[in-house]
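Colleague: Got a structure for you, written out below as structure tokens; questions coming shortly.
The values are calculated or read from the model by the stated rules, or taken from the named source; none is laboratory data. Fair warning: this is a prediction, and the values are worked out from it, not measured in the lab. Cβ placement follows ideal geometry from the backbone for every residue including glycine, while neighbour counts extend to all protein chains displayed. Surface areas here come from the heavy atoms of the whole protein model, side chains and all, with no ligands, DNA or RNA. Shrake-Rupley method; radii C 1.70, N 1.55, O 1.52, S 1.80 Å.
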Amino acid sequence: MHIVVLPGDGIGPEITAATTGVLRVASERFQLNLRLEEHPIGHASLKQFGATVQPGLLDVVRAADGLILGPTATFDFKDEARGEINPSRYFRKSLDLFANVRPARTYAGRPGRLGDFDLVVVRENTEGFYADRNMEQGNGEMLVTPDVVISLRRITRSCCERIAHAACRLAMKRRKHLTIVHKANVLKIGDGMFLAICREAARAYPGLEVDDVLVDAMMAHVVRNPDRFDVVVATNMFGDILSDLTAELSGSLGLGGSLNVGDRHAMAQAAHGSAPDIAGQDVANPVSLIQSTALLLAWHGEKSGAVRYEEAASAIEGAVAKAIAEGRATRDVGGRLGTIAAGAAIAEILQAK
Ligand code: NAD
């Protein structure tokens with residue numbers, strides 16, 4: 001499996017180094033024959049090539065079997081004409097990565113404040129209220145007068161259908177329970193269509209239990225009783241906000257994995273940003289990117305039919321859980337280790353099994 005690795009800004013290089021350390025051990029133990037090809041991205045690329053995403057990189061990524069994108073300082077990148085491209089948006093849009101799969105779960109030895117839970121948010125990734133990706137050309141946010149802004153939200157039948165089926169397929173592999181999160185009481189046409197399409201899609205999956213919750217009420221339900229949810233599907237912005245909440249409820253934003261998936265490509269990405277406040281201090285939690293990478297291996301295994309990639313993914317998840325249970329983790333989740341040592345602890349557990 002050929003994986004392109006783009007370390008990113010801030011804590012990106014640190015958590016990426018911890019992640020590739022785990023991957024190398026997984027490759028050896030499960031004979032994955034991983035080939036990791038690293039390129040600069042974000043500020044490092046801007047400095048070297050005059051663009052946050054260097055010319056030709058998309059072709060390299062398209063030819064590979066998977067992509068690991070570290071967090072980048074997207075807030076700094078404002079002017080595409082000066083090469084300041086948002087790498088995350090660029091790859092999501094260029095590779096049509098329509099589903100953002102974001103699991104959140106609690107770990108033994110690190111019980112959540114709300115009891116144990118294990119859920120996945122499946123977020124639509126290509127349209128909705130994201131001005132940077134909902135137009136063929138230009139941007140979906142307009143300054144009408146100096147005091148008036150219009151922001152467009154795009155919802156299409158085809159995008160609703162494909163995200164609905166992605167969520168249903170995932171739910172069938174888990175506890176066969178799908179929750180549709182929406183605001184169809186106010187956004188009657190757009191979210192009304194999303195809700196109807198999700199319900200219709202779910203009929204094709206025998207035994208799948210389906211319910212729906214208004215997004216505002218969801219904030220209360222998921223905080224009150226997260227264990228009642230299994231797979232949750234939502235439009236882009238609702239899913240973005242909800243999945244940060246569920247990651248944090250699981251113990252830390254640094255724990256949640258995130259995989260962006262399309263029909264042909266997938267990109268593992270940490271659920272958090274580049275955390276400039278702790279960059280270079282060897283304190284960042286590498287688990288989010290490690291978990292995302294495990295999701296990438298599982299995706300490749302499912303797509304190629306090579307079971308050992310899925311086995312490697314489960315083993316990485318198991319090693320992460322064991323490391324956290326033993327307190328061999330970073331400070332944000334109650335441990336005392338630095339980024340590199342926390343990654344090494346996971347790699348060591350993985351190797352020892
Ligand atoms: P952030 O997610 O980087 O940080 C929020 C808080 O969480 C900070 O206190 C940070 O120290 C902490 N944190 C984040 N990741 C952590 C980890 N692995 N371990 C321990 N603590 C962690 O959000 P921000 O500060 O608002 O954004 C910083 C930059 O990242 C901005 O430029 C933003 O645009 C960008 N960003 C990028 C992505 C991405 O690349 N996908 C996503 C979100 C934000």
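Colleague: In terms of Cα to Cα distance under 26 Å, which lysines are near enough to K173, apart from those fewer than 8 places away along the same chain?
Modeller: K303, K322, K353
Colleague: Given segment 113-249, what percent of its DSSP beta bridges are antiparallel, to the nearest 5?
Modeller: If we restrict to bridges inside segment 113-249, about 30 percent are antiparallel.
Colleague: I've got another one for you. Largest first, how would K322, K173, K47 line up by accessible area (1.4 Å probe)?
Modeller: My answer, sorted largest first, is K47, K173, K322.
Colleague: Follow-up question, since we're still on this one. Under 18 Å between alpha carbons, and skipping anything fewer than 8 positions from K183 in its own chain: which aspartates and glutamates qualify?
Modeller: Within the straight-line cut-off, K183 pairs with E124, E127, E161, D191, E200, D211, D212, D216, D240.
Colleague: Another question, if that's okay. Hey, which lysines would be in cross-link range of K78, C-alpha to C-alpha under 29 Å, not counting anything within fewer than 8 residues on its own chain?
Modeller: Cross-link targets: K47, K93.
Colleague: In the calculated pair distance distribution of the chain, what percentage of Cα-Cα distances lie above 26 Å?
Modeller: Roughly 49 percent, rounded to a whole number.
Colleague: Something else now. How many angstrom lie between the C-alpha centres of segment 322-353 and segment 142-170?
Modeller: That distance is 39 Å.
Colleague: Share of antiparallel DSSP beta bridges in the chain, in percent to the nearest 5?
Modeller: Looking only at bridges with both residues in the chain, the antiparallel portion is about 45 percent.
Colleague: Just to verify a number: what accessible area does H43 come out at with the full protein assembly present, 1.4 Å probe, Å² rounded to tens?
Modeller: Taking all protein chains as shown, H43 has close to 80 Å².
Colleague: On to the next question. What does the helix-only formula give at 222 nm for the chain: each DSSP H stretch with n ≥ 4 adding -39500 (n - 2.57), the total divided by the residues, and the result rounded to the nearest 500 deg cm²/dmol?
Modeller: Calculated from helices alone, the mean residue ellipticity at 222 nm is -13000 deg cm²/dmol.
Colleague: Hey, another quick one. What number, in percent, do you get for the relative contact order of segment 113-249 if the mean sequence gap of Cα pairs under 8 Å and at least 6 apart is divided by its residue count?
Modeller: Once normalised by length, the contact order is 37 percent.
Colleague: Over all directions, the average projected area of the alpha-carbon convex hull for segment 225-310 comes to how many nm²?
Modeller: 7.3
Colleague: To continue, here is another question. Can you pull the accessible area of R228 for me, 1.4 Å probe, Å² to the nearest 10?
Modeller: R228 has an accessible surface of roughly 90 Å² with all protein chains in place.
Colleague: Once you have all Cα-Cα distances for segment 113-249, histogram them in 10 Å bins from zero and send the whole-percent values.
Modeller: For segment 113-249, the binned pair fractions read 12, 41, 32, 12, 3, 0 percent.
Colleague: Related question: Among 304-310, 65-71, what's the highest-first ranking by average C-beta atoms within 10 angstrom per residue?
Modeller: Packing order, densest peptide first, comes out as 65-71, 304-310.
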